[in-house]
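First the structure, in the form of structure tokens, and then the observations on it.
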Number of protein chains: 2
Amino acid sequence: MTALIGIDWGTTSFRAWRMGAGGEVLDSVGDGPGILAAAGLPGGFRQALQDRIGDWLGTAPVIASGMITSRNGWVETPYLPLPLDAAALAANLTLHEGIHFVTGAVSDPDGPAPDVMRGEETEIIGHLAGGGGDGTFVLPGTHSKWARAEGGALTGFRTVMTGEVFGALRDHTILGRLIQPGPGSEDAFRRGVEAGRQDGALLGRIFSARTLALMDRLAPDQIADYLSGLLIGDEVAQGTRDAGVPVTIIGRGDLALRYQTAFSVLGIAARIAPPGMAQRGLWEIARIGKLA
Amino acid sequence: MTALIGIDWGTTSFRAWRMGAGGEVLDSVGDGPGILAAAGLPGGFRQALQDRIGDWLGTAPVIASGMITSRNGWVETPYLPLPLDAAALAANLTLHEGIHFVTGAVSDPDGPAPDVMRGEETEIIGHLAGGGGDGTFVLPGTHSKWARAEGGALTGFRTVMTGEVFGALRDHTILGRLIQPGPGSEDAFRRGVEAGRQDGALLGRIFSARTLALMDRLAPDQIADYLSGLLIGDEVAQGTRDAGVPVTIIGRGDLALRYQTAFSVLGIAARIAPPGMAQRGLWEIARIGKLA
């Protein structure tokens, strides 16, 4: 029997879970259209939902988090201030076209560097609900999020554009000209981390990805890994200057492992959270909101 | 009577001067083809020279500096180590097809971040030869150079990719999506410098160019100036952490003024060198080398 349908709906991703009475996953879908693609369908978001999980609909309440509540999503919802916990998210669900939408969070809205997130708050709630405890959280991606939780609530976060900057440097600056594809080099990645952790002078340090290659001290098929390490090394060194422990990486696959490696180069033990944090967070918010 | 013909030949620029017996400028050309364009002419570099200063040739020795001595230039010449002064550059001129080529400099060739320059060394020599004295030099551009001179010699430098990174972020990341052209805003630029000088965590700080705009705290036609200020503010704050005074900006126009403004926001007086440093440096090297 289905108790809850949960959706993590991002700009370019769609994941959904059918959950039972204890929050256990009965079924899942992992490859639906992100909001950019879904918005372009003739039937829009409703069609995307019907296409991917049509046979689940009507059997249980539906809860959704992520960029689906942004200006380009299905319904735009206001950001909630920090500190933010599961109860506040549950109290501020937006019911729209039969779906309960979890809204996002804003950090330092009146300060010099306001910041926002939509979706990551639910993953962190999932971690906390699972007994993972407070600490520093890193959610790697095109736009990485660094977040802090204290007393079971989200208390601060910052967006770091590492992934997108890497792509722009590789594809649209002189640093990419010498790059050749290769099998992947952890050694080059570690060298990059060592370079990137140095001193914060990133705009200068990145030029070494070119000069080392010109001087035959970096192979063409290692430049991309070196540059990736340099940027992630800078991110991790800057991010951990005033970060609390323990550090938890919420992410998957090669990218999560890269971050774990970068932390280890800096002498910091970072654990990778088990998969399923978004689903766990959706369940927690729905449970407190008495949807499930 | 012509005593020397000097050329500053860069990747995308070509400037030439006809000089008299005291090094005074008798005539100048400012808009010839850079090496990328010149290499594509049917007659190559020789044709570019003939087209632009053909009627000067044969009247005096020709000396040239800049990227024209790089792998993609007319003749590739080896870099000289630091410290480097005018005498060392004069002793290492390369005569090729009747032209005396000034070679470039290498910094920290065996260290973790080797760096190179071709052309800027001649501008700094020009400054020193003119009695400008030691200190820190900033040559803004696509790839800014930060250099240090002590005892009349170039003793260190670093390349900072500010200009090219700005272009890549503006044209190829989410930061550019909200940008609208405008008349230019010094206020927005100064706000960016204040943000960029903060803490070196640039990959995170740049995201404020988006969030401030989303929150209507930065107008769409001010985003580009804010982002420019943020990057230049980071560059200047990082560059001056261990830089000696005085600071001299060798550059022209709006970009030199932007850097001067950024220094002033940081409470540092930076002077802009008078124009003609490349020509002055070419004359000095030729004079010591007994070409003129």
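Taken together, the values in this text are just the output of simple stated rules run on the coordinates, not laboratory data. Quantities reported herein were computed from a predicted structural model and do not represent experimental measurements. Cβ atoms come from the backbone with ideal geometry, glycine included; neighbour counts cover every protein chain shown.
Please work out whether the stretch B:1-98 counts as rounded, prolate or oblate from its C-alpha gyration tensor, where a ≥ b ≥ c are the square roots of the eigenvalues and a/c under 1.5 means rounded, while otherwise a/b larger than b/c means prolate and anything else oblate?
It is oblate, given that a/c is not under 1.5 and a/b is not larger than b/c.
Antiparallel DSSP bridges in the stretch B:6-83: what percent, to the nearest 5?
That works out to approximately 75 percent antiparallel.
Along Cα-to-Cβ, 7 Å out, sits the label point; list in nm, shortest first, how far the one on B:Arg271 is from those in the other copies.
Here B:Arg271 shows inter-copy label distances of 6.1 nm.
Only Cα pairs within less than 10 Å get springs; with that Gaussian network setup on chain B, which residue of B:Pro81, B:Pro220, B:Pro112 has the largest fluctuation?
Sorting by GNM fluctuation, first place goes to B:Pro112.
For A:Gln47 and B:Asp187, what does the FRET efficiency come to when R0 = 51 Å and r is the distance between their Cβ atoms, rounded to the nearest 0.05?
0.65
Taking each label point as 7 Å beyond Cα in the direction of the beta carbon, state the distances from A:Val29 to the same residue in the other copies, shortest first, in nm.
Listed shortest first, these distances are 6.8 nm.
Could you name the lysines whose alpha carbon sits less than 30 Å from that of B:Lys290, not counting residues in the same chain fewer than 8 places away?
B:Lys145
How big is the antiparallel share of DSSP beta bridges in chain A, given as a percent to the nearest 5?
In chain A, DSSP labels about 65 percent of beta bridges as antiparallel.
Contact order normalised by length for chain A, with contacts defined as Cα pairs under 8 Å and 6 or more residues apart; what percent is it?
In percent, rounded to a whole number, it is 18.
As a test, work out the antiparallel percent of DSSP beta bridges whose residues both lie in the protein assembly as shown, rounded to the nearest 5.
65 percent
Closest beta-carbon to the A-to-B rotation axis: which chain A residue owns it, and what is the separation in whole Å?
That would be A:Gly200, 1, residue then distance in Å.
Taking +1 at the Cβ of each Lys and Arg and -1 at the Cβ of each Asp and Glu, which of B:Pro220, B:Gln238, B:Pro42 sits farthest along the dipole of chain B towards its positive end, judged by Cα position relative to the Cα centre?
B:Pro220
In a Gaussian network model over chain A where Cα atoms closer than 10 Å are linked, find which of A:Asp51, A:Asp234, A:Asp85 has the largest mean-square fluctuation.
Ranking A:Asp51, A:Asp234, A:Asp85 by mean-square fluctuation puts A:Asp51 first.
How large is the helix-only mean residue ellipticity at 222 nm for chain A, computed as the sum of -39500 (n - 2.57) over DSSP H runs with n ≥ 4, divided by its residue count, in deg cm²/dmol to the nearest 500?
Mean residue ellipticity at 222 nm (helix-derived): -10500 deg cm²/dmol.
Given a 10 angstrom Cα cut-off, can you work out which residue in A:Thr159, A:Thr142, A:Thr211 is the most mobile in a GNM of chain A?
Per the Cα network of chain A with a 10 Å cutoff, A:Thr211 tops the list.
Rounded to the nearest 20 Debye, what is the dipole magnitude of chain A about its Cα centre when Lys and Arg each give +1 and Asp and Glu each give -1 at the C-beta?
Result for chain A is approximately 180 debye, rounded to the nearest 20.
Say each of A:Leu257 and B:Val29 gets a label point 7 Å from the Cα, pointing the same way as Cα to Cβ; how far apart are those two points in nm?
Taking the simple label geometry, A:Leu257 and B:Val29 are separated by 5.8 nm.
Using a label position 7 Å from Cα in the Cα→Cβ direction, what is the ascending list of nm distances from A:Glu76 to the same site in the other copies?
The answer, with the shortest distance listed first, is 5.4 nm.
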